[in-house]
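Just below is one structure, and these are the notes that go with it.
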Amino acid sequence: MDRRAFLQRGLVGGAILAASACTLHAWPVQDRYQPQGNLQCLDPRTFVVLASIAARTVQDPVADPVAIAHAVDRTIALSAPEAASELRQLLNLFESGLAGLLLDGRLRPFTRLTPDRQDQVLAAWRDSRLVLRRAGYTALRKLTLAAHYASPTTWEGVGYPGPPELVEG
Amino acid sequence: MPFVSAAEWTPPKSVQVVVIGSGAGGAVAAARLAAAGFEVVVLEEGGHYQKRNFRMREDEAFPQLYQESGTRATKDLGIAILQGRAVGGSTVINWTTSFRTPDLVLDHWQKVHGVQEFGAAELRPHFEAVEARLNIQPIPLEESNRNNRLLWDGCEKLGYSIEVTKRNVKNCFRSGYCGMGCPVDAKQSMLVTYLPEAVEHGATVVYRCRVDRLRTDGDRVVAIECSELSEAGPTGRQLSFAAERVVLAGGAINTPAVLLRSGLGDAFTGRRTFLHPVIATSARFREPVQAFYGAPQSVASHHFAHRGERAGFFLEAAPAHPMMLALAATGFGEAHRSTMVELPQLTAHLAIAIDGFSPEETGGTVELRPSGAPVLDYVLPPRIWEALQEGLRTLVRVDLAAGAEWVQTGHDPALRISSEGALASLEDHPLGPGKVAVFSAHVMGGAMVGEVGRSVVRSGDLRHHRISNLHVCDGSIFPTSLGVNPQETIYGIAHLVSERWTQHWKS
Ligand SMILES: Cc1cc2nc3c(=O)[nH]c(=O)nc-3n(C[C@H](O)[C@H](O)[C@H](O)COP(=O)(O)OP(=O)(O)OC[C@H]3O[C@@H](n4cnc5c(N)ncnc54)[C@H](O)[C@@H]3O)c2cc1C
Ligand code: SF4
């Protein structure tokens, strides 16, 4: 089963996905975290959702959710062509108020929740009995955390002195 | 023009031998065939990066050198898969641990899977030759970094056997960056050994050239169809040319994918893919560990490799740089951060399950996505979960015995265990897909060798059962995993089989 099938079958069925897709546009996403350049895989809407997730998964004083979302966008561009559309679908589902209502008892889109409630949504995906929902959480968590900690800006904060200087010769 | 990008290359009408993939299997085969006088072209989808490009940074190394930028995973995302994608393949980014194939494994292949002509005696001279060529030698225990040393100490305290490993390095200054490409060419990877040797003997290595499919007619490959790639992906230019013989060496997952895209799928192609699934611990020590520096792997314990009726596992260490730890550490937000800030004090120890030796362990299956990109569907069977659970328990005990303040597991949320007494809490947190971080750096199988009607390639010369001018020469031919790190097995088999080809093909 691919991730698309997971979204349609593994959760509460294709109906939710269809319905939530309609409601998506009725709820404007939070307008923080706008992209600051070209996007290769994400659209502006899913970009904001991803950056909002990064703002919760990555707790580091030097973290920049917009930079993280751009880095994930670049990473996915180097992956299988299917990865981009699957990530967008996953982010739309994560954001969706209707899916949220059915799955977690929330109506507000993810980007409009308070930080505490956002953390609860992440934890609900993590602790879900559905393997495939846990997989969605894992994907978002790993993509954002890896994109952040790949950056040398994080080194000092985690006590990593960086690579040795090479002496020519 | 020995190393040339697809963009600069005009294929001849026909090539004598095409080798697809420049990793452990492909490079050895290419060098041996070129030295024997064959006209050889190696096609590699990755880029040609060299020591000056290896700047020891995760943000550069992973997009440049890893399949899918390091994000490859099984279909249900349950297992993260590390595999290389560059001139030199995974050998450019591997951790240099070198083991000959255990005799027991070769015997099992013969008895259970009908593999002929790959016995220990036949392989021995080839292991010797490869060990000499790649300077494969034991690393003295005094040269272990603290991460490896603590694994050693913990095993010794508990009475578990443990040994130093061999490494394929020369003048290694033990930087710790093997996984990002060796910045001083100390690692004797294919990039600096067998590939230059192939080129000296007239071979051409064409990089950023992805083989999409083999066109066949009857029992022969008649054309190789490729895409020219740039750093960003396919440029749109297609290349097509003929070859008298094809050696497929794209590595597990990718080799079966080429076969499937070529319409050569059957009940065996892509099946029995094994991963040596890995579970990790991060243990905190009061004195700095600095698992990011030093030879990444220098000790290994096979104390639990044979557990009677149950699946075995072995223990090794791993390098830990910030991104690697970020992926291994579970949780999110403050919980995740609380692990990250401990980086200098943490070990990274692995329990590696040995999959494929019981009838229940059928491995994963490579499938194609609509674009033709492969994905591995592998849901671990209960026996392997049991081995991982026992491996995890063992690692926690070893880390505590070595003096850890606490040991963190890959559950999500993570468990922190600070005493033997608390070990029982592991039983309350059964492992399962998506419940614990599992990864693999050893992808094997998917185009297994064996008898007709049970496998993809035949014994002796690794020829495809149905296609007479197609051979497979990489880790995908294994009928099972190995129980040891795989690179030397692939070198040895490639070295042996290319000698056979030289004899057969000349006559
Ligand atoms: C991080 C890491 C650490 C490791 N550490 C160790 C270790 O310490 N010891 C050990 O023994 N093993 C280790 N391994 C595993 C070992 O490196 C591999 O098992 C081995 O290199 C596999 O050899 P191969 O020939 O099967 O494939 P690879 O070496 O992976 O080479 C395959 C090549 O084929 C190319 N290719 C694939 N498909 C196509 C196509 N369609 N067209 C053109 N080119 C294609 C790929 O880009 C790749 O470069 C490690 C692996 C990783 C990822
Ligand atoms: S540890 Fe040795 S072989 Fe590995 S990258 Fe550093 S110098 Fe090279």
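The values are calculated or read from the model by the stated rules, or taken from the named source; none is laboratory data. All of these numbers come straight from a predicted model, not from anything done at the bench. Please note: Cβ atoms are built from the backbone with ideal geometry, for glycine as well, and neighbour counts cover all protein chains shown. All accessible areas refer to the heavy atoms of the entire protein, side chains included, with ligands and DNA or RNA removed. Shrake-Rupley method; radii C 1.70, N 1.55, O 1.52, S 1.80 Å.
Quick notes on this structure:
- Options B:E316, B:E309; residue that is acidic (D, E) and open to solvent by 10 Å² or more (accessible area, probe 1.4 Å): B:E309
- Looking only at region B:169-198, and only at residues there that are open to solvent by 50 Å² or more (accessible area, probe 1.4 Å) and either within 22 Å of B:A35 (Cα to Cα) or within 14 Å of chain A (Cβ to nearest Cβ) (or both), the one that is nearest to ligand 1 (Cβ to nearest atom): B:R174
- Residue satisfying condition, being part of a helix (DSSP H, G or I), open to solvent by less than 30 Å² (accessible area, probe 1.4 Å), hydroxyl-bearing (S, T, Y) and facing another protein chain (nearest Cβ under 7 Å), within set A:T111, A:T138, A:T144: A:T138
- Boolean, B:K166 is open to solvent by 10 Å² or more (accessible area, probe 1.4 Å) and more than 14 Å from ligand 1 (Cβ to nearest atom): no
- Boolean, B:Q64 is open to solvent by 30 Å² or more (accessible area, probe 1.4 Å) and within 10 Å of another protein chain (Cβ to nearest Cβ): yes
- Note on region A:114-132: residues that are closer than 16 Å to B:P413 by Cβ and assigned to a helix (DSSP H, G or I) total 8.
- Here B:E420, B:E405, B:E367 are screened, and the one residue that is in contact (Cβ under 8 Å) with a residue 12 or more places away in the chain and within 22 Å of A:G157 (Cβ to Cβ) is B:E405.
- Among the residues of region A:118-133, some residue qualifies, meaning at least one is open to solvent by 10 Å² or more (accessible area, probe 1.4 Å), more than 10 Å from chain B (Cβ to nearest Cβ) and within 17 Å of the chain's Cα centre (by Cα).
- Within region B:90-116, restricting attention to residues that are within 16 Å of ligand 2 (Cβ to nearest atom) and among the small types (G, A, S), the residue that is surrounded by the most Cβ atoms within 10 Å (Cβ to Cβ) is B:S90.
- Only one of the listed residues (B:A300, B:A305, B:A320, B:A283) is within 14 Å of another protein chain (Cβ to nearest Cβ) and aliphatic (A, V, I, L, M). That residue is B:A320.
- When A:L103 is tested against (1) open to solvent by 20 Å² or more (accessible area, probe 1.4 Å); (2) away from every other protein chain (no Cβ under 14 Å); (3) not in a helix (DSSP H, G or I), just one condition goes unmet, and that condition is (3).
- Considering the conditions (1) of a type in the set (V, I, T); (2) surrounded by 24 or more Cβ atoms within 10 Å (Cβ to Cβ); (3) away from every other protein chain (no Cβ under 14 Å), B:V289 is excluded by exactly one of them, (3).
- Selected residue (criterion: surrounded by the most Cβ atoms within 10 Å (Cβ to Cβ)) from residues of region B:2-23 that are over 22 Å from B:A36 (Cβ atoms) and of a type in the set (S, T, Y): B:S5
- Applying the criterion of being over 12 Å from B:G432 (Cβ atoms) and either among the hydrophobic types (A, V, I, L, M, F, W, C) or within 19 Å of the chain's Cα centre (by Cα) (or both) to the residues of region B:369-385, the residue that is nearest to the other protein chains (Cβ to nearest Cβ) is B:A373.
- Only one of the listed residues (B:H495, B:H471) is more than 16 Å from ligand 2 (Cβ to nearest atom), open to solvent by 10 Å² or more (accessible area, probe 1.4 Å) and not in a loop (DSSP other than H, G, I, E, B). That residue is B:H495.
- Only one entry of B:G421, B:G403, B:G356 meets the criterion of being surrounded by 24 or more Cβ atoms within 10 Å (Cβ to Cβ) and more than 14 Å from every other protein chain (Cβ to nearest Cβ), and that entry is B:G356.
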